[in-house]
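Notes follow once the structure below has been shown.
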Amino acid sequence: MEGEDWVYPEKVKEHFLNPRNFLFGDESKFDFDATGIVGNPICGDQMKMYIKVKDDRIVDLRWKTYGCASAIASTSALSELAKGKTLDEALNISAKDIDNYLGNLPKHKFHCSVLGHEALADAIKNYREQKK
Ligand code: FES
């Protein structure tokens, strides 16, 4: 592994230190329609996502995690990318989209960037099952 692989881009650091749409405190403070939760099989960290949906569109969302700096920055970025999108558009946000938005995570932290999206996909699945 080369030395530069250990360097976080500025945007990653900024999102880690100021995470967007992070759920501070009790989840009852956020009016959500569905939640999703996943664990990362590589490190064992967890992510929980809360979505508010109107007319098939994510109008708001929150998340919390035990994940690392990369997971926090990636999910912060994802939350910005997903807000206002239809459910299908949100499902189509890729790990590469998040990576591009943040300016490239170190390669060995790429697995952390999928955690938020998997939790979001689980929340969307649960939302759609509730609506059946
Ligand atoms: S090391 Fe667990 S989410 Fe990054």
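Just so it is clear, none of the values below were taken in a lab; they were calculated from the coordinates. On a predicted model such as this, the values are computed, not experimentally measured, just so you know. Cβ atoms come from the backbone with ideal geometry, glycine included; neighbour counts cover every protein chain shown.
How many nm is it between the label spots at Lys131 and Cys68, if each spot is 7 Å from the Cα in line with the beta carbon?
3.6 nm
Determine the equivalent ellipsoid of the range 26-132 by diagonalising the alpha-carbon gyration tensor, then write out the semi-axes as square roots of 5 times the eigenvalues, largest first, rounded to whole Å.
Its equivalent ellipsoid spans semi-axes of 22, 15, 12 Å.
Which entries of Lys85/Lys109; Lys29/Lys132; Lys54/Lys125; Lys83/Lys107 have Cα-Cα distances beyond 19 Å here?
Check vs 19 Å cut-off fails for Lys85/Lys109; Lys29/Lys132; Lys83/Lys107.
Highest first, please rank the peptides 98-104, 53-59 by the mean number of other Cβ atoms sitting within 10 Å of their residues.
98-104, 53-59
I'd like the orientation of helix 114-131 relative to the chain: the angle between its Cα long axis and the longest Cα principal axis, in ° from 0 to 90, rounded to 10.
10 degrees
Per DSSP H run of n ≥ 4, the term is -39500 (n - 2.57); total these for the chain, divide by its residue number, and report the mean residue ellipticity at 222 nm rounded to 500 deg cm²/dmol.
-12000 deg cm²/dmol
On a 0 to 90° scale, report how tilted helix 69-82 is relative to the longest principal axis of the chain, with both axes built from alpha carbons and the result rounded to the nearest 10.
For helix 69-82, the angle is close to 40 degrees.
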